[in-house]
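The values are calculated or read from the model by the stated rules, or taken from the named source; none is laboratory data. This one's a predicted model, so the numbers in the text were calculated from it and none came from an experiment. Neighbour counts are summed over all protein chains in view; Cβ atoms, including those assigned to glycine, are modelled from backbone coordinates with ideal geometry.
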Amino acid sequence: MAFEIGHVHLKSADPAKTADYYIKNFGGKLLAEIPGRGFRVDLHGLQLNITVKIDSQNHPQFLGIEHLAVQTDDYAGTMAKARQNGVKVLEELNSNGRHVAFLEAPDGAQFELIEKV
């Protein structure tokens, strides 16, 4: 049996703001608007579905996710851009010789940026 990631779904109070966060700071590309609900964003091959809570779904729904993790070969440049855009840095550390940062994303989610070595 084979599996592959279909998408990561982020529920947001403001889907446009959340999509903009991933597009402006981390090179995401808008794939489509989901009429009345939100947006689909390609984050370097990972599809993000960013919507409001969906009334037709009956299971418990929560805003955000714990975190997404992305590796970059330009850690310094990416962090500079994020800081320039006012992104809150929650923590920076060194892990196994790599720079790692946890950033605050919309709706309580976190974004982990990892230096690719």
Residue in the stretch 21-40 that is of a type in the set (Val, Ile, Thr) and crowded, with 21+ Cβ neighbours inside 10 Å present: no
Condition check for Lys11: farther than 20 Å from Asn85 by Cα, among the basic types (Lys, Arg) and surrounded by fewer than 14 Cβ atoms within 10 Å (Cβ to Cβ): no
Leading residue by the ranking (nearest to the chain's Cα centre (by Cα)) among those in the stretch 93-117 that are surrounded by 13 or more Cβ atoms within 10 Å (Cβ to Cβ) and farther than 24 Å from Val8 by Cα: His99
Within the stretch 67-91, tally of residues that are surrounded by 13 or more Cβ atoms within 10 Å (Cβ to Cβ) and either modelled with pLDDT under 90 or over 18 Å from Gly28 (Cα atoms) (or both): 6
Strands (runs of 3 or more DSSP E) (entirely within the stretch 7-117) containing at least 2 residues that are of a type outside the set (Ser, Thr, Tyr), out of contact with any Lys or Arg (no Cβ under 6 Å at 6 or more places or on another chain) and without any contact (Cβ under 8 Å) to a residue 24 or more places away in the chain: 29-34, 89-95, 98-104
Residue among Asp42, Asp55, Asp74 that alone is in contact with a Leu (Cβ under 7 Å, 6 or more places away or on another chain) and more than 15 Å from Gln110 (Cα to Cα): Asp42
